[in-house]
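Below is one structure, written out as structure tokens; the observations come after it.
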Amino acid sequence: MAGTDIAVTGLGLVTPAGIGTAASWAGVLAGRPAAAFDPALDGNPVRISCRVPAWDPDALLGARRAHRLDRFTQFALVAAREALTDAGLDPATWDGARVGVVLGCADGGPGTVEEQHRVLVEHSADRVSPLLLPMQLPNMLAGQTAMEFGATGPNLVVATACASGTTAIGTARDLLLLNRCDVVLTGGSEAMITPLVMAGFARMGTLSRRTDDPAAASRPFDADRDGFVAGEGAGVLVLERSADARARGARIRARVAGYGTSADAHHITSPHPDGAGLESAMRAALADAGCLPSDIGHVNAHGTATPLNDLAEARVIHRVLADPLVTSSKGVTGHLLGGAGAVEAVFTVLSLEEQLVPPTANLTTPDPACAVEVATTATTARFDLALSNSMGFGGQNAVLALATP
């Protein structure tokens, strides 16, 4: 991979654990679950969620700008700004034609759709906002980011359900390897905690029903897990070719050493029971990185806390890898859906930097059927390579192999 290594030079986060990378990482390391009762879900079968705390888009983006953006785009712009600052890049001085944007989301802006549908039903079509489509269309996530930072290179949004953020990062890496651009803003964002969407998830039976104790509801790999808690937020990474990053004196926080993707072709919502698709993606990421299974010291698991997902993923990790230390940050943040993979990739970079694996919150009774070692406390470990796994409805899988510089 010499000469084609892809460097991570900037990180940005907006998550239920906190606004900003430092705050989010501190919350995950402390194992503080963000789940709480959500007034916006009153009347729904499940009334708990993981919201971004103290979110004030007017203060962060300016009132005029914020009011023209759906929440999922607001999250991404704030995370992207932090990532660019972290990377030491100034959009006022770069060649925008060589800067790409590749972001992932599962749904776009359902909050805007539901709000404007109420206007249509309660008032009239003439009262529907002319910004309905520009605010809710999924592609506007990348389009607005490009406009915000003057990035005129390749620009796209990918949608692979809950694997979207990871798929976006893998696609961004490919663009750099193909020399389509020199810098890519990549990651994912999601804001799907709306009454209609959450009613749909509840009807599918995917949400935790532990509503008497919201903080304990998301329980990855626990014997008593019963579903995920929905979260929201964004993760953005700045990627460059390592040689370019070194030439400009940038700090390389980690390398995207490999990427694998696959489809289960099995079921619309359930993973393959043996994890066949995820195994294919994991093995592809290992081969792409030129490493052995025994080289992987840590896995940031998809770990949704649903009975089928955690079992299938644990089986694959046990079958494919030697004995990595596993964690799932969803016990703290909940499931950020299309943004999950990007946020978890950032956490994996931080784990590599600090040689520290965060705890899996709420794991009190490990499921004996999930025969992997899962961290229950912040654990110091020595490793140079880690995997970040993502799985999505429709059987879409994506895996990143991340490495120390």
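The values are calculated or read from the model by the stated rules, or taken from the named source; none is laboratory data. No experiment lies behind these values; they were computed from the predicted model shown. Every residue, glycine as well, gets a Cβ built from its backbone with ideal geometry; the counts of neighbours run over all protein chains shown.
Test each condition in (1) in contact with a helix residue (DSSP H, G or I) (Cβ under 7 Å, 6 or more places away or on another chain); (2) farther than 18 Å from THR21 by Cα; (3) surrounded by 18 or more Cβ atoms within 10 Å (Cβ to Cβ); (4) not hydroxyl-bearing (Ser, Thr, Tyr) for VAL128 and report the one that comes out false.
Against the list (1) in contact with a helix residue (DSSP H, G or I) (Cβ under 7 Å, 6 or more places away or on another chain); (2) farther than 18 Å from THR21 by Cα; (3) surrounded by 18 or more Cβ atoms within 10 Å (Cβ to Cβ); (4) not hydroxyl-bearing (Ser, Thr, Tyr), VAL128 comes up short only on (3).
Residue by residue, here is whether (1) in a loop (DSSP other than H, G, I, E, B); (2) farther than 16 Å from ARG225 by Cβ holds:
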residue	(1), (2)
GLY303	yes, no
LEU308	no, no
GLU313	no, no
HIS318	no, yes
VAL326	no, no
GLY339	no, yes
ALA342	no, yes
ALA345	no, yes
LEU352	no, yes
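State which residue pairs qualify: first residue part of a helix (DSSP H, G or I) and inside the range 50-67, second residue of a type in the set (Ser, Thr, Tyr) in any location, beta carbons under 9 Å apart, and separation of 6 or more residues or different chains.
Qualifying pairs under 9 Å: none.
Return the total of residues in the range 256-294 being in contact with a Leu (Cβ under 9 Å, 6 or more places away or on another chain) and on the phi > 0 side of the Ramachandran plot.
1
Is the range 98-109 home to any residue that is over 24 Å from the mean Cα position of the chain (by Cα) and either surrounded by 19 or more Cβ atoms within 10 Å (Cβ to Cβ) or modelled with pLDDT of 95 or more (or both)?
Scanning the range 98-109 turns up at least one residue that is over 24 Å from the mean Cα position of the chain (by Cα) and either surrounded by 19 or more Cβ atoms within 10 Å (Cβ to Cβ) or modelled with pLDDT of 95 or more (or both).
Give the residues of the range 202-261 that are closer than 30 Å to GLY10 by Cβ and polar (S, T, N, Q), sorted by residue number.
Within the range 202-261, SER218, SER242, THR261 qualify.
Got a sec? Which of GLY10, GLY31 is modelled with pLDDT of 95 or more, in contact with a helix residue (DSSP H, G or I) (Cβ under 7 Å, 6 or more places away or on another chain) and either outside the structural domain of THR145 (by TED's automatic domain parsing) or crowded, with 24+ Cβ neighbours inside 10 Å (or both)?
Answer to the check: GLY10.
Between residues in the range 351-375 that are within 27 Å of THR21 (Cβ to Cβ) and residues that are among the basic types (Lys, Arg) and part of a loop (DSSP other than H, G, I, E, B), which pairs lie under 8 Å by C-beta distance while being six or more apart or on different chains?
GLU353/ARG253; GLN355/ARG382; ALA361/ARG32; ASN362/ARG219; LEU363/ARG219
Restricting attention to the range 273-321, and to residues there that are over 16 Å from ASP222 (Cβ atoms) and acidic (Asp, Glu), which single residue is surrounded by the fewest Cβ atoms within 10 Å (Cβ to Cβ)?
ASP274
Return a yes/no flag: does the range 180-194 have any residue that is outside the structural domain of LYS330 (by TED's automatic domain parsing), modelled with pLDDT of 95 or more, under 25 Å from LEU311 (Cβ atoms) and of a type in the set (Val, Ile, Thr).
Within the range 180-194, none of the residues are outside the structural domain of LYS330 (by TED's automatic domain parsing), modelled with pLDDT of 95 or more, under 25 Å from LEU311 (Cβ atoms) and of a type in the set (Val, Ile, Thr).
Wholly within the range 156-267, which helices (runs of 4 or more DSSP H) include no fewer than the required count, namely at least 3 residues that are within 19 Å of the chain's Cα centre (by Cα) and under 30 Å from ARG118 (Cα atoms)?
Qualifying helices (runs of 4 or more DSSP H): 195-204.
Take ASN389 and decide whether it is in contact with a strand residue (DSSP E or B) (Cβ under 6 Å, 6 or more places away or on another chain) and polar (S, T, N, Q).
For ASN389, the condition - in contact with a strand residue (DSSP E or B) (Cβ under 6 Å, 6 or more places away or on another chain) and polar (S, T, N, Q) - is met.
In the range 75-88, what residues are in contact with a Lys or Arg (Cβ under 9 Å, 6 or more places away or on another chain) and either of a type outside the set (D, E, K, R) or not assigned by TED's automatic domain parsing to the domain that holds THR21 (or both)?
Hits for the range 75-88 are LEU77, ALA87, GLY88.
In this structure, is ALA23 part of a helix (DSSP H, G or I), modelled with pLDDT of 95 or more, assigned by TED's automatic domain parsing to the domain that holds SER208 and not aromatic (Phe, Trp, Tyr)?
So ALA23 fits the description; yes.
Please pick out the residue among GLY303, GLY334, GLY341 that is under 21 Å from MET198 (Cα atoms), modelled with pLDDT of 95 or more, of a type outside the set (S, T, N, Q) and touching a Cys at 6+ places or on another chain (Cβ under 7 Å).
Of the residues listed, the single one that is under 21 Å from MET198 (Cα atoms), modelled with pLDDT of 95 or more, of a type outside the set (S, T, N, Q) and touching a Cys at 6+ places or on another chain (Cβ under 7 Å) is GLY334.
For the range 39-58: of the residues being among the small types (Gly, Ala, Ser) and surrounded by fewer than 17 Cβ atoms within 10 Å (Cβ to Cβ), which is farthest from the chain's Cα centre (by Cα)?
The residue in question is GLY43.
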